[in-house]
1. Given Cα positions, please report Rg to Rh for the stretch 222-299, the hydrodynamic radius being the Kirkwood one.
2. Assuming R0 = 25 Å, what is the FRET efficiency of E138 and D197, from their Cβ-Cβ distance, to the nearest 0.05?
3. Expressed in nm², what is the orientationally averaged projection area of the convex hull enclosing the Cα positions of the stretch 114-197?
4. Tell me the relative contact order for the chain as a rounded percent, counting alpha carbon contacts under 8 Å between residues six or more apart.
5. Compute the relative contact order of the stretch 127-247 as a whole-number percentage, counting only Cα pairs closer than 8 Å that sit 6 or more residues apart in sequence.
6. Using 18 Å as the cut-off for backbone N distance, which residues of the stretch 108-137 belong to the label zone defined by a point 7 Å from the Cα of D260 along Cα→Cβ?
7. Can you bin the stretch 24-152 into rounded, prolate or oblate? Criterion: square roots of the alpha carbon gyration tensor eigenvalues sorted a ≥ b ≥ c, rounded for a/c under 1.5, prolate for a/b above b/c, oblate for the rest.
8. In what order do L195, L266 fall by count of nearby beta-carbon atoms within 10 Å, going from fewest to most?
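What follows draws every value from the coordinates through simple rules; no lab data is involved. Every value quoted in this text rests on a predicted model; they were computed, and no experiment measured them. Note that each Cβ is placed from the backbone with ideal geometry, even for glycine, and that neighbours are counted across all protein chains shown.
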Amino acid sequence: MTTTYVFTDFGSAEHEQFFEGPTPEPGPGQLLIDVRAAGVNPYDWKLRSGLFGRKAKLPRAMGVEAAGVVRAVGPDVEGFPVGTEVVGTVAKGFGGYADQTVLRAAATVEKPAALSFTDAAVMPVAGVTAYDGTHQIELERGQTLVILGAGGGVGTIATQIGGVHKFNVIGVAGESKQDYLRGLGATPVVYGPGLADRLRAASSGTIDLVLDLVGGDSLRAALEVVSADRIITTVDSGAVAEHGVLELQHDPEALKKIVDVASYGLIDPQVTVVPLAEAGRAVAEVEGGHSTGNIVLVP
């Protein structure tokens, strides 16, 4: 039997619960793993809330990324023998908030021994997004990168990638996260009215790239300071259509690359570990927007 955290209807967190079911079997192109850690992401609560539509079959398993040990492989899968430590994206219909789950072999890589399961678990989403967002437009040493939403999971890793490349990183976040951003090596700037002026002051008027992880008013404030073709958004399709802001592009090798970077100790995803039994609390912390860094569930 396998324990999985699911939601039984779209809407609020009251629809979340644990579900006991048979051990899944991996299909073609899939891996069954014993989960050692699973990342918690904004996508998870947004899916439950119905923000991506309400047509998914219910109950729906939660969690889109996990790290663990291969227990079985499906047909046509090579390179992941039983016992291999891996990290990847869950297959459709499965969830990472579980003691066992199924991964897509094409979106899975072997976990280096030097990288912990908990750090590895946030690489398929937060790590890949941060890597893609900081490499889509190549900057040179000393150029200025602004990150809107720098205190969250993606922002934490993106800030550190900027530090590795010696960019001048300006991190925009709430008042409670300003010291946190200083600790990551960023120049902190607070959200709210007057953001455009604060960005001008912090950057001395020169911004080379904005990585937007929040959208809305903060993104539109950035448009007062930098041209749309130097802004990459992960969340605001409206700004793409209305202002010509760039959508995030995915490098198919990004997971392998960011896992390698993390295994060398060049970044620290700042993981907070929560027991799987407290999955509801972990989701609530991410949904509330007050958590810093990344949250990981462990069975």
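1. Here Rg/Rh amounts to 1.09.
2. Calculated transfer efficiency: 0.30.
3. Value for the stretch 114-197: 6.1 nm².
4. 19 percent.
5. Taking the mean separation of contacting Cα pairs over the length of the stretch 127-247, I get 23 percent.
6. Zone members listed by number: 108-116, 120, 123-124, 127-136.
7. oblate
8. The fewest-first ordering by Cβ neighbours comes to L266, L195.
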